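Participant: After the structure tokens below, expect a handful of questions from me.
The values are calculated or read from the model by the stated rules, or taken from the named source; none is laboratory data. As the structure is a prediction and not an experimental result, all values here were calculated from the model. FYI the Cβ positions are ideal-geometry reconstructions off the backbone, even for glycines, and counts take in every protein chain you see.
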């Protein structure tokens, strides 16, 4: 059977892809990037194990196309604005980490007995981290927009640019010196060719590519075909000029990045890139010579520890010096705790140019396998690691982490109604509604842009992650009534609830549930309110589809306008009848119909009551309709009534001379006459919860009464009357 497969390239490819699919499933269970599984596929299918691979030329061709597409998409997605938005920290951290890692790594590799050239290649390979893997992990954890996520993506872009420059330098360094040509002459010739290539690409970007892409974009198939052809063509041109094909593919991506089709091209080619990269890693794994790689294991372990521990420490130290909190620095630092596909590409280029031996490439590959495998779990469980290391990491944090502290205004707030955790789409909408109701809020988020938006509106904000226990030490927890989380993570919300209870904070908690099961779990855990944005939005959407505008005529040849207005829950007129809403007198409009829960009430009477979420169909002049909308949704001012209307619970003793003594609760009619409710009676050591109407009161009884503060005060005044 094996001989049959090896004799047919198609059978061989089918067997390799099947093996890769099986290992890919195992990798998903282990929560590992597919790169590890693809390398394992190459090792198992290579001569060291099964000897399944024989068609090396075909696999190598697909591998080269895959690498070209990878670099093309990197160029296509190159977003220098990310570096600008994260400020100098992206450049300082990116360049600082590259210099420190390369320098220290070079010393370590020389100490391990490697030649200068091999040590240079290995130390350079140690500096690059995988943008693909890190972006995927941060996106899965919903941390890509966090401060540490933005900084990480910023310095990963710096690394990508440095990797491209390294490829150019290695290609130039590897040019064969012929005749009497000196290294300086070759360098000048290559520099001239490079400048010529850049000028040609620049002219094409300016005068040809915009119009050409617009023409082919009429067909998605043609757009993708053109993009692939352009990437491969420029890669071939780059190799013909003496550079690597990867450089040409990168420039092809950069040349199309300014066009409006970059996202469309990128999204369509990502799957093709991932498929073709499979063959690069399979080829890499298959070509490992285990007879020589085995001797490199001790070196691989030492260098892997340097990458896993040293690289994050370098980033943490730089960010701590620049004024960032140790948690932000730690989470960003973990993203450089592995080497990347660029490291393997640099190593493979070194073997092709004859600069390094296959065993050195095997060493780089082993370091890649170990660091990618280990760092994946480090990033996935970063919160647990931080809690374990938070104490020792204080040495890297300034006394005043001014870069983050400067954005916090929550400390300036003496009292607030609610702390709102999460200022995304749903959180921002909720913040708008709370502000309309005159509530004072403190916003918490890990997205600097979201914080800047609300800070500009005068809202107190704090940069932080709800999963960070230190966050609550910076918040006025004893001076707020509510803590509201719009974070849609079950584990994070339950941890928040547990932490608030553990620390004894007497606040009410509202959590956001993604579904019914989560909502039930939150209620059982003790959440006071469970928000369900998907369910609530779906119900409102259904009501909107069954609105009352169907009653309106299709064509109106008269200067009159119609508008449907939704009554907000905080409206001053919510709960009132139409006769008390001055729509006719103040706005000059009429109410034609009211839609409520899918049912339309036509031509409602003056005594018809309006409730929140009702849809009112109004008729009148266009300008008057705008005034009517503002009038209807005028927010109720509850500040003056807030203290008066708050419920309190007290104990009131029945004295011997009280008029209550000897009477039943039915006789006294506390609820009807006094506006309060008796929820229990304490009679000596006996407790009577929810007493019945026939329960008689005796001297010495203590009534447990609940009601508004004004009603309770009136009740106390009459206890002995």
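Participant: When you look at residue 198, is it in contact with a helix residue (DSSP H, G or I) (Cβ under 9 Å, 6 or more places away or on another chain), surrounded by fewer than 20 Cβ atoms within 10 Å (Cβ to Cβ) and modelled with pLDDT of 75 or more, yes or no?
Facilitator: Yes; evaluated as a whole, the condition is true for this residue.
Participant: While we're on this one: Can you report the number of residues in region 303-323 which are within 17 Å of residue 392 (Cβ to Cβ) and outside any helix (DSSP H, G or I)?
Facilitator: Within region 303-323, residues that are within 17 Å of residue 392 (Cβ to Cβ) and outside any helix (DSSP H, G or I) number 0.
Participant: Would you confirm whether or not region 215-227 contains a residue that is surrounded by 20 or more Cβ atoms within 10 Å (Cβ to Cβ) and within 19 Å of residue 67 (Cβ to Cβ)?
Facilitator: yes
Participant: Considering every residue within region 631-638, establish whether at least one is at pLDDT 80 or above, on the phi < 0 side of the Ramachandran plot and under 43 Å from the mean Cα position of the chain (by Cα).
Facilitator: yes
Participant: Then there's this: Using the structure shown, decide if residue 7 is surrounded by fewer than 22 Cβ atoms within 10 Å (Cβ to Cβ), under 38 Å from the mean Cα position of the chain (by Cα) and either closer than 25 Å to residue 140 by Cβ or at pLDDT below 75 (or both).
Facilitator: no
Participant: Continuing with this model, one more query. Given the residues 151, 98, 164, 157, which is the only one that is crowded, with 16+ Cβ neighbours inside 10 Å and closer than 30 Å to residue 297 by Cβ?
Facilitator: Just one listed residue meets the conditions, 98.
Participant: Are any residues in region 231-246 part of a helix (DSSP H, G or I) and buried (at least 23 other Cβ atoms within 10 Å of the Cβ), and if so, which ones?
Facilitator: 231, 234, 235, 238, 245, 246
Participant: While we're on this one: Quick check on this structure: which one of 308, 380, 353, 363 is surrounded by fewer than 24 Cβ atoms within 10 Å (Cβ to Cβ) and farther than 23 Å from residue 140 by Cα?
Facilitator: On the way: 308 fails: farther than 23 Å from residue 140 by Cα; 380 fails: farther than 23 Å from residue 140 by Cα; 363 fails: surrounded by fewer than 24 Cβ atoms within 10 Å (Cβ to Cβ).
The conditions single out 353.
Participant: Here are some residues: 212, 277. Which one is out of contact with any strand residue (DSSP E or B) (no Cβ under 9 Å at 6 or more places or on another chain) and more than 30 Å from residue 53 (Cβ to Cβ)?
Facilitator: Checking each option against the conditions leaves just 212.
Participant: Could you say which residue among 300, 257 is in the same structural domain as residue 55 (by TED's automatic domain parsing), surrounded by fewer than 20 Cβ atoms within 10 Å (Cβ to Cβ) and in contact with a helix residue (DSSP H, G or I) (Cβ under 6 Å, 6 or more places away or on another chain)?
Facilitator: Values: 300 fails: surrounded by fewer than 20 Cβ atoms within 10 Å (Cβ to Cβ).
When all the criteria are applied, what remains is 257.
Participant: Continuing with the same structure: Checking residue 66 against (1) touching a residue at least 40 places away in the same chain (Cβ under 8 Å); (2) farther than 19 Å from residue 349 by Cα; (3) crowded, with 20+ Cβ neighbours inside 10 Å, which test does it fail?
Facilitator: (2) is the only condition that residue 66 fails.
Participant: Identify the single condition in (1) modelled with pLDDT of 80 or more; (2) crowded, with 20+ Cβ neighbours inside 10 Å; (3) within 30 Å of the chain's Cα centre (by Cα) that residue 281 does not satisfy, given that it satisfies every other one.
Facilitator: Here residue 281 meets the rest and fails (1).
Participant: With the requirement that a residue be in contact (Cβ under 8 Å) with a residue 60 or more places away in the chain, in a loop (DSSP other than H, G, I, E, B) and over 12 Å from residue 285 (Cα atoms), what does region 14-60 give you?
Facilitator: 31, 32, 33
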